1. With respect to the numbered conditions (1) open to solvent by 10 Å² or more (accessible area, probe 1.4 Å); (2) part of a loop (DSSP other than H, G, I, E, B), which one is the sole condition not fulfilled by residue 506?
2. From the residues in region 318-343 that are without any contact (Cβ under 8 Å) to a residue 24 or more places away in the chain and within 17 Å of residue 248 (Cα to Cα), which one is most open to solvent (accessible area, probe 1.4 Å)?
3. Quick check on region 180-190. Is at least one of its residues among the β-branched types (Val, Ile, Thr), closer than 15 Å to residue 430 by Cα and either touching an Asp or Glu at 6+ places or on another chain (Cβ under 6 Å) or part of a loop (DSSP other than H, G, I, E, B) (or both)?
4. How many residues does region 279-311 contain that are farther than 19 Å from residue 363 by Cα and either basic (Lys, Arg) or modelled with pLDDT under 90 (or both)?
5. Looking at this structure, is residue 92 assigned to a helix (DSSP H, G or I), of a type outside the set (Lys, Arg) and over 22 Å from residue 416 (Cβ atoms)?
6. Tell me, please, whether a residue that is at pLDDT 95 or above and part of a helix (DSSP H, G or I) can be found in region 112-124.
7. Kindly provide the set of residues from region 163-178 that are crowded, with 24+ Cβ neighbours inside 10 Å and closer than 16 Å to residue 436 by Cβ, ordered by number.
8. Does residue 226 count as on the phi < 0 side of the Ramachandran plot, surrounded by 24 or more Cβ atoms within 10 Å (Cβ to Cβ), in contact with a Leu (Cβ under 8 Å, 6 or more places away or on another chain) and touching a residue at least 12 places away in the same chain (Cβ under 8 Å)?
Amino acid sequence: MSLRYPLRDFHMDIFSCDVLVVGGGGAGLRAAIAAADAQPTLKIGVVSKVYPMRSHTVSAEGGAAAVIKTGDSLDEHAYDTISGGDWLSDQDAVEVFVREAPTEMLQMEHWGCPWNREPDGHVAVRPFGGMKVQRTWFAADKTGFHMLHTLFQTSLKYEQIQRFDEYFVTTLLVDEGRCEGVVAIELATGRVVAIAAKAVILCTGGCGKVFPFTTNASIKNGDGMALAYRAGVPLKDMEFVQYHPTGLPFTGILITEAARAEGGWMLNKDGYRYLQDYDLGKPEPKPVLRSMELGPRDRLSQAFVKEQEKGRTFEGPYGHYVHLDVRHLGQKLIDKKLPFVRELCLKYVNLDPVREMIPVRPVVHYMMGGVHTDINGATSLSGLYAAGEVACVSINGANRLGSNSLTELLVFGARAGRAAAAFTAEAPDASSSVATQAHDEEAHLERRFRQRDSVRSGETERIATLRTEMQGVMEQSAGIYRSAPTLEQGAAQLQSLQERLTRVGVDDRSYTFNTEITSLLELSYMLDLAEGIVHAALARTESRGSHQRTDHPDRDDQRFLAHSMVHRTSSGQPRIEYSPVTITRWPPGKRVYGR
């Protein structure tokens, strides 16, 4: 990378590249590799606030979906995805996704991803929730771990890819309607740098940490969503927040859906497989015992709430829970196909699932919504792209099917990388205003964080206090079930928290690994996104997928077969508009899964 603007008046380094990827997880690395393959002469930067192998992709467990077996088809994968998304998925994007998924998965195979095998050597697949047939590729129950290792090792072959590890991006550089780079803080030194680029790809993941109980790592604060939102790009379908039905009550750590795919049972406090009492969307009048645990995640999470209301759940120090029972699977199968589940239980709950049942509860897992993009990852801001959970393309609609997300990282990460590379061919170099904007951002950060008065009793708010209150507001107002009164109350509380954010004190004046500063920036990102979620949920007066309104219990295709678009306004209150869902071949119908 060259130092393009060595201006002595500016106390910062300004680097330049052709394509800059923000985020070093699965989508980011796949985008960087795709851009390098598309245009080998390009200079590509990857900036990440953590070392890439610590990205949250590493914690994905169950598998990645793609058609490969006889008896399956692209149309069936598409239909399962569209129906599972409660008909809010853009069908042109879904068709692209299912068509390119097998190619991407085989590419991972060629790069060395150790997929589980059948005895005859063919790739093994397992069933997953909401899928008609077995199509989920897996590497034991550490699929994301192995995929991220494979992508990271592959990226090292490309000399033109330069990484900026442990750099925290604070803003996008935008001039005359075009994204031209970012400003970031080097965490090890506190140095503010600018990275100019002809194209920027956001691959920063979701924002599950706006909720108190989540499978998401502490780094998933919605950075990329907030950066795009503040730059004028709308966020799409933010009201659709997926709860995973099996998280550990205290930590929120995920117990993978693979545990149920291999035959695990969900039991209430009476030892009863309660899911047979609920409409999970199967064609049969009642779910069959062998497959009821593989209903869609949103409906399993909703069934838990109903069991809790009936007094059929356990109550512990961290709330209500039920049991996931895998004991009958036996130690041999558990150690072969679910070794990480056993490891997590032993380390974090001090129990052995070979002999004991696992306490679980629904926890926030995934954001169906995100930065609005087209099928090539392009946003409404020229030069800005997005892929992975940060983006909403939209294939997931109102509810993502398990094992689609890891494949989505590959398919749309690659498409965004290729599109960004093509864009650079016609894009001019960054304008001279990049240096000025970068200097302004540096001055803003210095004023905001470094030169604050000392903490004065009674006048300063605390980061942890506001974050805890925000998470509580989101759980109460925008949880598994919502209503107008709770959402309106939540919106008012979040507005108050935004005002209190300006009074947060920063005690740490050091420059080296100042986590207090980054925590405050992350909190500001999360509050913006929390408001977007609540306002979008309040405006959608229907129930669809993961968005369940107790005051509007039915799906309303006449008014709401549409994507919500959350726009930032000068008043601070989000503005909600709607855009049509793309329907190609499958008209909206009853949502079902299974044969």
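1. Looking at each condition in turn, residue 506 falls short on (1).
2. 343
3. In the first step, residues of region 180-190 are kept if they are among the β-branched types (Val, Ile, Thr); the result is 182-183, 185, 189.
Imposing the further condition that a residue be closer than 15 Å to residue 430 by Cα reduces the set to 182-183.
Now narrow it down to the ones that are either touching an Asp or Glu at 6+ places or on another chain (Cβ under 6 Å) or part of a loop (DSSP other than H, G, I, E, B) (or both): 183.
Within region 180-190, one or more residues are among the β-branched types (Val, Ile, Thr), closer than 15 Å to residue 430 by Cα and either touching an Asp or Glu at 6+ places or on another chain (Cβ under 6 Å) or part of a loop (DSSP other than H, G, I, E, B) (or both).
4. The first filter runs over region 279-311 and keeps only residues farther than 19 Å from residue 363 by Cα, leaving 279, 281-292, 310-311.
From the residues that got through so far, the ones that are either basic (Lys, Arg) or modelled with pLDDT under 90 (or both) too are 279, 281-292, 310.
Looking only at that region, the number is 14.
5. For residue 92, the condition - assigned to a helix (DSSP H, G or I), of a type outside the set (Lys, Arg) and over 22 Å from residue 416 (Cβ atoms) - is not met.
6. No, region 112-124 contains no residue that is at pLDDT 95 or above and part of a helix (DSSP H, G or I).
7. If the condition is that a residue be crowded, with 24+ Cβ neighbours inside 10 Å and closer than 16 Å to residue 436 by Cβ, then 172, 173 are the ones that fit.
8. Working: on the phi < 0 side of the Ramachandran plot: yes; surrounded by 24 or more Cβ atoms within 10 Å (Cβ to Cβ): yes; in contact with a Leu (Cβ under 8 Å, 6 or more places away or on another chain): yes; touching a residue at least 12 places away in the same chain (Cβ under 8 Å): yes.
It is true that residue 226 is on the phi < 0 side of the Ramachandran plot, surrounded by 24 or more Cβ atoms within 10 Å (Cβ to Cβ), in contact with a Leu (Cβ under 8 Å, 6 or more places away or on another chain) and touching a residue at least 12 places away in the same chain (Cβ under 8 Å).
The values are calculated or read from the model by the stated rules, or taken from the named source; none is laboratory data. The structure presented is a predicted model; accordingly, all values stated were derived computationally and were not measured. Cβ coordinates were reconstructed from backbone atoms using ideal geometry, including for glycine residues, and neighbour counts include every protein chain displayed. The protein model used for the area step is the full one, side chains on, heavy atoms only, and it has no ligands, DNA or RNA in it. Shrake-Rupley method; radii C 1.70, N 1.55, O 1.52, S 1.80 Å.
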